[in-house]
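Novice: Let me begin by handing over the structure; questions about it come next.
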Amino acid sequence: MYSIYHFFYSLTLNKEHFLKSGKLENFPFDKSLLSCVNKGIFPDLAIRINKDKGDFTGGELIELKDSASYSVSSFNSTIPSRKKNISAVISDEHGSMYKQMQEAGNDIYSLPERDVFYLIRGRKKKLTKVCLISGAFFETISIENLIQKSFFQVFEENVKEHNIQVDPATKEMLRDMFSKQKNFSRVRDVEKASVKLRFRIMTEVKAEGNILNSQKYPLILDNTFNFLVPCDTEAEEKRYVDIMKNVFGKKRFAELNVFKIKHHFNGYFLVFQTPLKDQAKQ
């Protein structure tokens, strides 16, 4: 069985490796759970798909974020999101990612929408925090809305500065144009220019969205490993707890600290927390 929950369980078995100073990509991941491993492109890891889905669809996409501080490192080119369509992720059916997933036995397009998770490690002196967290923690408004409002701020600042009158139809056209990332990520070839131009979007996490921030999220303790999923109802909480009991077994599940935290912009998240070093070894 493959899923993000089984992936979390597999990481807890080797959680002390998070305390080492090596790169996060060198963590001893359980490769049997993965359909692909990439470097330099999104996603860094992908979970295999299950044929009999139920609660365990598998197929989740994972990006690794490693930082030498309690700040989440910036997201380059790919804006963090809760879900991504696999067709937008795999653009080349002759590429390495497609071949890896195929060789793993996956019917790639049988699960078009994929949940996205981020494996985040932050280190502060001799302290470490690790979170495997749903992209919902970062996507508090839609990506289209984020891009549109960000670029439209530039437009409105210049309109105000130069006292320019713009009719409503032009404004709406510009709003639509500014909402599409592909309009800016496409390479532009200008006549007689010896270089081509392409804008890359870099996303930085605000303090309210920084799960490693001890002031904003004090329950995410130093030297702990945390799994976080959005959870606004008692029914959702019970479902996640039942899933974790299934994956961990009752005895190992009882060793997890389970609680909810309130996101500053985006509801509640259920947290499954374990110390990075078991007390018996400390």
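The values are calculated or read from the model by the stated rules, or taken from the named source; none is laboratory data. Being a predicted model, the structure only gives us computed values, none of them experimental. In this analysis, Cβ positions are derived from the backbone assuming ideal geometry, glycine residues included, and neighbour counts consider all displayed protein chains.
Novice: Please go through the range 112-162 and give me each residue that is over 26 Å from residue 226 (Cα atoms) and modelled with pLDDT of 90 or more, ordered by number.
Specialist: 112
Novice: For the range 1-9, indicate whether the set of residues that are modelled with pLDDT under 95, more than 20 Å from residue 82 (Cα to Cα), surrounded by 13 or more Cβ atoms within 10 Å (Cβ to Cβ) and of a type outside the set (Ser, Thr, Tyr) is non-empty.
Specialist: yes
Novice: Has the range 6-19 got at least one residue that is closer than 23 Å to residue 74 by Cβ, assigned by TED's automatic domain parsing to the domain that holds residue 222 and among the small types (Gly, Ala, Ser)?
Specialist: For the range 6-19, residues closer than 23 Å to residue 74 by Cβ, assigned by TED's automatic domain parsing to the domain that holds residue 222 and among the small types (Gly, Ala, Ser): absent.
Novice: Among the listed residues 8, 18, identify the single one that is in contact with a Phe, Trp or Tyr (Cβ under 6 Å, 6 or more places away or on another chain), assigned to a helix (DSSP H, G or I) and under 24 Å from residue 129 (Cα atoms).
Specialist: 8
Novice: Return the only residue of 140, 78 being hydroxyl-bearing (Ser, Thr, Tyr) and out of contact with any strand residue (DSSP E or B) (no Cβ under 8 Å at 6 or more places or on another chain).
Specialist: After applying the criteria, what remains is 140.
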